[in-house]
Each structure stands twice: as structure tokens, then as C-alpha cells.
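Heads up: the structure comes next, in C-alpha cells.
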Amino acid sequence: MQGPPRSSKHEHLVEAQRYHYAWRSFPLFIAAFSAGAVLELASAWQPSTALQVSVWSGFALLWLGWAVWIQRSRVKKRLLAEAETMPELGQERQLQALLLAVGSLVGLGWISLFPASERHAVGFVLFHTGYLVICLLCLGSLKRLFLVATVPALLPIPAVLLIYRDLSGLPLQAAMILIPAVMLGFQRRLETMISELLQLRFSHLDLLDDLQAQRDAAHQANLAKSSFLATASHDLRQPMHSLNLYLASTAAYPLSDDLRDMVKRMQQCAGYMNEMFDSLLDIARLDAQVIAPRIEAISLQSILLRLQSEFQTLADARAIELRFSADPNLAVLCDASMLERILRNLISNALKYTKIGSVQVLAKQRGKRVRIAVIDSGPGIPKALRRRVFEEFARVREDGLAEGPRGFGLGLAIARRLAEILGIGLRLRSSVFRGSSFCIELPTTPFAQLKLTMQNGQLPASIAGQLVLVVDDDLEVLTAMTLMLTLHGCRVLAAGGFQEALQQCERMQDKPSLLVCDYALGLEKDGLKLIEHIRDEFNHAIPAVLVTGDTSPDHVALFARAGVEVLHKPVHPDTMIEAMRRALQQIQVELA
């Protein structure tokens, strides 16, 4: 069954709003009538008899008391505080009865107080004209209320004029006929204008509601998308994580040149997969709003050197010239990891789309700012598609019509959102067939203010010889981790679940040097709880690394507050070793 059409709903609301305005204007109507009545009584005092004045004044006072009583009762009860519903039938009749009474009272004045002199007749005409004007201002939004208040006041006029039959008063008679006609015309125009304005208002409110609903739906769809990506990628992360560990362990064994080349190619393919998973993780972190910039003075040259080492092999394999140009003494104020991620995504995007020519990374100081540009000689981006390239999952082919190179199409979207978090912006300039340029600007800082990451001669902690408890309910991952850590000289204790890890701890004579735990260990059991339990068991803040494949926004926010080193699968073996070293070194610093 379909609901009422929108127009009928609007008519209902417009009618309610008109009554609401009439009631709100009613105190002004009462005040204006009271002032006019006092002035008219003063004008008619001399030619009228005391009985006429007393009768008319008595009725006026009764009406005034009735009107004030109803108005106070309505305000007290707040019957029409909301204009979204129609007034009750009793309220509507009350208002009409009040207006009928006051209109009759004004009309009665023509019979009981109409003076013989022309001067007082003019005064009384002015009183009636003022009454019509106040009716138009206060009741003009509703035609029936306007007529109920004015018709009883105007009906006695023709009868009185006929009774007196004063030809000299023809101009006055004509005025008393024309003025109500003009007022009625104004009322019709006013009612139409108010109706149109109210219709427009409620139409706009409907549009705002629709826009709000669409925005909420888009937000829910975005959350569903993030949740789906997190869930769908979780099962892919597990075998990918195992593959990374096995490949790293395989490379440690003596192999023939052909096998070593094959392993290297497999590692490159795994690296492409890792890059895609890292993009999904970045989107999950951005959706969870847990990325906060850590602004400090950093060396730009150190970041560019790492990126050049990372991408040079890929550029050489594609016969693309990769050039970095920057003053080695440039220092900027920024978050080092976020800046590196932005530049990595820009360079990766440039290399993907450049078939012939070069990719340049230029950094120049301009006053108190440093401009970093990534310039390629690729196909360029048509003007109509330049906004689209910064959207999530957008991939533009060279002809600008379809999908481009492999990947999820998240690189530029992540770069833009990170730039917005840093407040530096990301500008694009492009010409079709002449390449593109992506540019950011950072505040510079004196090179002497750089904060060195290694202070007081501290060296990275070594994991060789450390007793490491590895906990993972996936047998392949557990086996691969055990093999890799053993090749790095660790003493490894492996546990396949929460309870097994606790049993291992009970049999230990010494506390473990490091914990490496998977997050998902079964229903209502997770790696964070296990780390806390083991630390309580040994009464020591044992360094820990948490490994997880869950990238849902809620869990990303939880991991950000965990206070332990967190790695997201698939984890490159070198990244795993570095995280273990950082965890050990952090404990050493705290103990020192």
C-alpha cells in the first residue's frame, strides 16, 4: 500500500503552519484592537450617548477578557508548540469564534456609535480601515479567518449608509466599498505568496532529508566496503604471510643460480601482493581515523635515498630513467613515515604509467617552503579525469577510458588523504601525451635541528640467541616463523594456541625474551589478552610483537591503542626482524 503523495503531505503541513502563524500573531491583533477601540471611544464620546458607549465598551471588554484567557491557556499548555501537525478542531473553532465576535463588535459600532457629523464619520471609517489592515497582517495567511473577522464588521455598513441617505457622503460610501475590495485582493495575493513560500520551504526540507539519507547510505556503504575488504583479505593474508616467510628461509639455503633466480622472481611477485595488502591496510587505518601525524624535523635526503634504492631496480627493468635531485642538506617539518608513504605512492604510480622516458623526483627550496615534485613522461591525464584519479579504486588507462595497470587503484587516493591529514595539499598538473606532475609543499627547517633516530650511541638490539615464544593457530605460519627465526639464531618455542602457550610458559625455567603472537586465537581469546596474561605470569613487561590479518576500522583503532608493536599480514621477513629488534630495544631503553 502506497503512502500519500508528497503534495498532500505539504498541504497538510502548510495548513498547520498557517494556523501556527495566526496564533502567534493573535497577541498583536488583541493589542491593536484594544488601542483602536480606546481611540474610537474617545472620538465618539461627545456625539454618542452614555448608554451607547457603555454597551459597546462592555462588549469590547468581555471580548478582550475572553481573548486574553484563551491566549494564556494556549501558551500555558503549549498546544501548538510544534507546527508539524494540524490544529485540533476545538482550537480552530475557538479562534473562529473569537474573530466572529470581534468582527460583530466592530460592525455593531456602525449602528450604536455612528455619529451624525461628517468629522466623526471619517474617524470611524479610519478605525474600520485600521481594523482591516490589522486583520490583513495577522490573519491574511488564511482566507477563512480573514473573512470571519472582516465580513461581520463590513455587513452593517451598506445598511447604515442607506438609512442616512446622505448624498453628500457619497465619497465616504465609495471609500467604504473600495477599501474592503482592495484589502481582499491583497489578502488573496498574500495567501498565495505565503503558500508558495511554505511549499518551497517544506520541499527544501524534504530535499535535505533525502540528501541526509543518501549521505548516511553512502557512509554505511563505505563502512560496509571497508568491512568487506578487511574480511575478504583476511583469508588471503594468512597464506601470503606464510609464503613470505618460506621464501625468506629458502633464500638462506645454498641454491643454484637458476633456483636463486626463480626464488628472486617469486619474491618480486610476493612483493607486488604485499604492496596491494599495504594499500588496503592504509585505507583501513584512514577509515578508522587512527593516523595522527608526528611532526618533527627530518632529513629529506635520507627518505629520497631509500626510495631510490627501492625503485631503481624496477626502473632499470623497464628501461625508464629514474632521477632524484635534491640538496642533501634539505630538512623539512613533517611526519617521516607519512611523507615517505606519499612519495612512494606517487613514484610507484609514475613508474606504472610511464612506458618510455623518465621519472624525476625534484626537491627545491623556495623561501621557507620546500617543493617536492614527481614528474613523469607518461601519457598524461585528460582534464575530465583529473579528479577521478584521486578516488579510491580508480584506475585510468592510457586512453582515459578504462582501467589502467594492475593494482587496486588506491595509491593516489591514499596519498591525497595523507596529504590532507598533514595539511600540505597535493596538486596535479598534466598534459595529454606530455606527462604529469604531482607536487607537495612542506615547511623547511634548519638542518641543525634534525632529530637523529639513534642517540647516545645506541645500536639496534640483536635477536640472535633470544628466547622467542611464537604463538599462531595456523600451522603453516607457525612452521614458517619457527624456521625463519631459527635461521636468524633465535631459540624458538612454538605454541599453536592460547592454552598451549600458557602451558609452555608453565614449563619454562626462564622467562621468554620476546613474544610474537597472532591476534586471532579462537573465540573470546586473542593475542593481546595472551600477552597481558604472560606478562602478569612472569611479572615483567616482556617485549611483544602482535601479528594480525584483521584490518577492519574497529580493530585498527584497537591495535593503535594496544601499546605493543603491531604488524599486519602479510609481513615481509625483514619487517618482522626489524619490529622484533625495536621491541627489544624499547625495553632496554625503559630499563636503562
Original post:
Regarding residue 356, is this residue over 21 Å from residue 410 (Cα atoms) and either assigned to a strand (DSSP E or B) or not charged (D, E, K, R) (or both)?
Top reply: yes
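Every residue, every condition in (1) open to solvent by 60 Å² or more (accessible area, probe 1.4 Å); (2) of a type outside the set (Lys, Arg); (3) at pLDDT below 65, yes or no:
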site	(1), (2), (3)
61	yes, yes, no
67	no, yes, no
71	no, yes, no
74	no, no, no
87	no, yes, yes
97	no, yes, no
101	no, yes, no
124	no, yes, no
Original post:
In segment 463-485, how many residues are over 43 Å from the mean Cα position of the chain (by Cα) and exposed (fewer than 14 other Cβ atoms within 10 Å of the Cβ)?
Top reply: 2
Original post:
All but one of (1) surrounded by fewer than 20 Cβ atoms within 10 Å (Cβ to Cβ); (2) touching a helix residue (DSSP H, G or I) at 6+ places or on another chain (Cβ under 7 Å); (3) in contact (Cβ under 8 Å) with a residue 40 or more places away in the chain; (4) of a type outside the set (Phe, Trp, Tyr) hold for residue 530; which doesn't?
Top reply: (1)
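Yes or no, residue by residue, for (1) open to solvent by 30 Å² or more (accessible area, probe 1.4 Å); (2) assigned to a loop (DSSP other than H, G, I, E, B); (3) touching a strand residue (DSSP E or B) at 6+ places or on another chain (Cβ under 7 Å); (4) touching a residue at least 24 places away in the same chain (Cβ under 8 Å):
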position: 509; (1), (2), (3), (4): yes, yes, no, no
position: 517; (1), (2), (3), (4): no, no, yes, yes
position: 536; (1), (2), (3), (4): yes, no, no, no
position: 562; (1), (2), (3), (4): yes, yes, yes, yes
position: 586; (1), (2), (3), (4): yes, no, no, yes
Original post:
Does residue 365 meet the test of being under 18 Å from residue 297 (Cβ atoms) and surrounded by fewer than 21 Cβ atoms within 10 Å (Cβ to Cβ)?
Top reply: yes
Subject >> Residue ID - surrounded by the most Cβ atoms within 10 Å (Cβ to Cβ), chosen from residues in segment 257-273 that are under 35 Å from the mean Cα position of the chain (by Cα) and at pLDDT 70 or above >> reply: 273
Original post:
In this structure, does residue 420 turn out to be among the charged types (D, E, K, R), assigned to a helix (DSSP H, G or I), modelled with pLDDT of 75 or more and surrounded by fewer than 20 Cβ atoms within 10 Å (Cβ to Cβ)?
Top reply: yes
Subject >> Near pairs, Cβ below 6 angstrom, 6+ apart or cross-chain, from segment 321-335 (within 20 Å of residue 354 (Cβ to Cβ) and among the charged types (D, E, K, R)) to any residue that is assigned to a strand (DSSP E or B) and open to solvent by less than 30 Å² (accessible area, probe 1.4 Å) >> reply: 321/358
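The values are calculated or read from the model by the stated rules, or taken from the named source; none is laboratory data. As the structure is a prediction and not an experimental result, all values here were calculated from the model. Because the Cβ atoms are built from the backbone with ideal geometry, glycine has one as well, and the counts that use them run over all protein chains shown. Surface accessibility is based on the protein's heavy atoms, side chains included, excluding ligands, DNA and RNA. Shrake-Rupley method; radii C 1.70, N 1.55, O 1.52, S 1.80 Å.
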